[in-house]
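Below: one structure, written as structure tokens.
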Amino acid sequence: GNKNINIVIVGSGIAGIAAAHRLVTSGFTNVHILEATERSGGRVKTGRFGDKVIEIGANWIHGPSEENPVFCLARHYGLLDPEALTPENQAYDLGGETPWVTNIFSSSGRKLSEKDIYPALEMFTMLLNESSEFQNQQGEPYASVGDFIRSEVRQRCVEKWKDIDSANRSLQLCVISGMLKRECCVNGSHSLDEVGLGAFGQYKTFPGLDCTFPGGYEGLIANLMSELPDDIVRYNRPVQSVFWSNTDKQSSVIVECEDGERMNADHVIVTVPLGYLKKHHTRLFRPPLPLHKLHSIQRLGFGTNNKIFVEFDEPWWDADCDVIQLVWEDEDTLVDQVSDLKSSWIKKLFGFTVLKPAERYGHLICGWIAGHESEYMETLPEEEVTHVVTQLVRRFTGNPSITPRRILRSQWFQDPWTNGSYSYLATGCSQQDLENMMEPLPSNASKARPLQVLFAGEATHLYYFSTVHGALLTGWREADRLISHYCSTISSRRRIS
Ligand code: 6YU
């Protein structure tokens, strides 16, 4: 029976937990998760900022509607606000655009209106949509999404903005620079020059207006875990090596932890982040990974996106504001990288989202910063970050006395078990790379050479990479792979009981 089948899952993020959950509910009893840290959740990480609940990692349910399994689970466990459950909210579909009220501030301390920046917004939105349309075309006209957007803006603005005076035209270009930086955060890339154009349309969305977990994203983790045996996760157990076999001689796998402890498993499901794989694949897999798998790990992108939470005594944004957008008036050259990290890393921060409702969060905003600038920010002392953010807010509001109450930032690049934030399809990547990522070992598994190592995690989903729902689905997928592998055994057990 399946009682004796020994399955070890590496990593207790949403993918590992989802895999364990499905295996256990399907009757597998010998399932264990080895987790490097002292907690479950991985990049789903809820924290405290004073008495407020904040998300250090994943923030939204992207596309909360019937087809999204994270939405369905969150609803099932009663974790969502009533608005998120309404049919209107679920039906909302603007292809990633949101009805968010935006306050725009410029580096000379001016407050701009949404109408002032409309030409830039219209142009950028159109180009971003077009960036997804090169998928099935023969070759790509530009090397990257960044190249495409920049070149097209330069060409199209001549005709489209011919009635706009040159000062205003320059301002529109500065606004687009800000939007490029925002898009770096969305993709988790350093620059859009590193994001592939041909495969940009590979990422798919669900309808539904993005929503948050009022009690914290980790509520999802806690609820799933409550349905698993108490001792299913072994914490502070970093896995160092997985010994598999590409010959017929050995059918089980040996998992070795960093402290030297070894255990046998019939199957191992590896869910560690792509950032960890990039750095440690040599030590992690013995024998080494097949070359096609290794090359995909190297080709795929994994960058950094961090948050900087900032709390104020009084808001300097409008009561209905959802997003604060910053426009640097010296950036009309369409840049999404700063020239000097040390002196100007803060220019990469595209703006802030406002945590709502104010009754729950007070006057709390969350700044977003991607790329090497974000990685540099992680190395600075908190007082230095506070100082630079204070100067920024004073400059953009033109109010020299605004002082934040306190700040808190995430440091995902420094996290030794993640090494960044999430994956993206870099230049030169295609769907094939994601297929290689999810392919089990050995490549030619058979009865004589059964499935040994399976791969789940955010970076192994064909369409929903970089998301919680994508990661969850990959955990279920790999559990199902094993369940169907043992299909006959399980159905005969069911018949007996
Ligand atoms: C989402 C969102 N969101 C913001 C930020 C981050 C991410 N995501 P895990 O890492 O969770 O688990 C692995 C475990 O393995 C972990 O516990 C490790 O400790 C452990 N481990 C490692 N090495 C080990 C070893 N050797 N031995 C044992 N254990 C080991 N997703 O749906 N909504 O709002 C955001 C966001 C700052 C960092 C996000 C969001 C991404 C998710 O958090 C992430 O995918 C999953 O949690 C990963 O789960 P997992 O189980 O795979 O790994 C066009 C186009 C554009 C394409 N992109 C657009 C989409 C936008 C993505 N947006 C994200 C945005 C935010 C803001």
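The values are calculated or read from the model by the stated rules, or taken from the named source; none is laboratory data. Quick caveat, the model's predicted, so the values are computed rather than measured. Ideal geometry is used to build each Cβ from the backbone, glycine not excepted, and the neighbour counts take in all protein chains shown. With ligands, DNA and RNA removed, areas are computed over all heavy atoms of the protein, side chains included. Shrake-Rupley method; radii C 1.70, N 1.55, O 1.52, S 1.80 Å.
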- Item | Cβ-Cβ FRET estimate between GLU261 and ARG156, R0 fixed at 45 Å, reported to 0.05 | 0.15
- Query: Using a 1.4 angstrom probe with every protein chain in place, what is the largest-first accessible-area order of LEU441, LEU85?
  - Reply: LEU85, LEU441
- What span do the alpha-carbon atoms of segment 107-155 cover on each of the three principal axes, reported in whole Å from largest to smallest? 46, 16, 15
- Item | segment 167-194 versus segment 277-328: alpha-carbon centroid distance in Å | 17 Å
- Item | Equivalent ellipsoid semi-axes, segment 427-483, via Cα gyration tensor eigenvalues times 5, rooted, Å | 22, 15, 6
- In whole µm²/s, the translational diffusion coefficient that Stokes-Einstein assigns to segment 334-468, given a Kirkwood hydrodynamic radius over C-alpha pairs, 25 °C and 0.890 mPa s, equals 133 µm²/s
- LEU462's amide H: which non-local residues (gap 5+, or another chain) put their own amide H closer than 5 Å, with H modeled 1.01 Å from N in plane and none for Pro or chain starts? none
- Query: Which whole-number percentage describes the relative contact order of the chain, with Cα contacts under 8 Å and a sequence gap of 6 or more?
  - Reply: 25 percent
- Helix 14-25 versus the longest principal axis of the chain: what is the Cα-based angle in degrees, 0 to 90, to the nearest 10? 30 degrees
- Item | Distance between modelled label sites at GLU329 and HIS292, nm, 7 Å Cα→Cβ extension | 5.6 nm
- Past 18 Å, Cα to Cα, is the threshold; run LYS160/LYS204; LYS45/LYS307; LYS52/LYS348; LYS52/LYS111; LYS115/LYS181 against it and keep the listed order. LYS160/LYS204; LYS52/LYS348; LYS52/LYS111; LYS115/LYS181
- Just the accessible area for MET225, please: 1.4 Å probe, Å², rounded to the nearest 10? 50 Å²
- Short version: ³J(HN,Hα) in whole Hz for each residue of segment 77-91, in order, from phi by Karplus 6.51 cos²θ - 1.76 cosθ + 1.60 (θ = phi - 60°), x for Gly and Pro, what are they? 8, x, 9, 10, 5, x, 4, 5, 8, 5, x, 4, 5, 6, 7
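Just the number, please: carbon plus sulfur as a percent of the accessible area of segment 1-101, 1.4 Å probe, no ligands or DNA/RNA counted.
52 percent
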- Of all GluC sites (Glu not before Pro) in segment 36-71, which ones are in loop regions per DSSP and have a Cβ with at most 14 other Cβ atoms within 10 Å? GLU38, GLU66, GLU67
- Message: Just to be sure I understand the model, the point goes 7 Å from the Cα along the line to the Cβ. What's the resulting SER484 to ASP318 distance in nm?
- Response: 5.2 nm
- Message: Need one number: the % of Cα-Cα pairs in the chain sitting beyond the 29 Å mark.
- Response: 52 percent
- Looking only at lysines whose Cα falls under 20 Å of LYS279's and that sit 8 or more positions away or on another chain, we get LYS293
- Can you give the helix-only mean residue ellipticity at 222 nm for the chain, where every DSSP H stretch with n ≥ 4 adds -39500 (n - 2.57) and the sum goes over all residues, rounded to the nearest 500 deg cm²/dmol? -11000 deg cm²/dmol
- Message: Using +1 at the C-beta of Lys and Arg and -1 at the C-beta of Asp and Glu, which of HIS461, PHE124, PRO287 has the Cα lying farthest in the positive direction of the dipole of the chain?
- Response: PRO287
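Nearest 5 is fine: what % of DSSP beta bridges in the chain come out antiparallel, could you say? Don't skip to the end; give the middle numbers.
On the way: 40 of 61 bridges.
For the chain, the DSSP antiparallel bridge percentage is about 65.
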- Query: Which trypsin sites (Lys or Arg not before Pro) does segment 364-429 hold that lie in a coil by DSSP with at most 15 other beta carbons within 10 Å?
  - Reply: ARG405
- Task: Keeping every protein chain in place, order LYS342, LYS293 by accessible area at 1.4 Å, biggest value first, i.e. largest first.
- Result: LYS342, LYS293
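Assign unit charges at the C-beta atoms only (+1 for Lys and Arg, -1 for Asp and Glu), then state the dipole size of the chain relative to its Cα centre in Debye, rounded to the nearest 20.
It works out to roughly 1580 debye.
Can you tell me the FRET efficiency between ARG48 and SER401 if r is taken as the Cβ-Cβ distance and R0 is 22 Å, rounded to the nearest 0.05?
0.20
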- If you take the charge dipole of the chain about its Cα centre, with +1 on Lys and Arg Cβ and -1 on Asp and Glu Cβ, which of SER189, LEU224, PRO69 is farthest toward its positive end? LEU224
- Query: Which FRET efficiency value, to the nearest 0.05, do you get for ASP340 and ASN223 by plugging their Cβ-Cβ distance into 1/(1 + (r/R0)^6) with R0 = 60 Å?
  - Reply: 0.80
- Query: Once both labels are modelled 7 Å past Cα along the beta-carbon direction, what's the LEU462-ASP231 spacing in nm?
  - Reply: 4.1 nm
- Task: Might you work out the accessible area of LEU209 for me, using a 1.4 Å probe with all protein chains in place, and round it to the nearest 10 Å²?
- Result: 40 Å²
- Message: For a quick check of your reading of the filter: which GluC sites (Glu not before Pro) in segment 120-193 sit in a DSSP loop and have no more than 13 other Cβ atoms within 10 Å?
- Response: GLU133
- Query: Where the Cα atoms of segment 158-295 are projected onto their three principal axes, how long is each span, largest first, in whole Å?
  - Reply: 74, 42, 28
- Item | Share of Cα-Cα pairs in segment 1-158 lying beyond 21 Å, as whole percent | 70 percent
- With the radius of gyration and the Kirkwood radius both derived from the Cα set of segment 143-226, what is their ratio Rg to Rh? 1.17
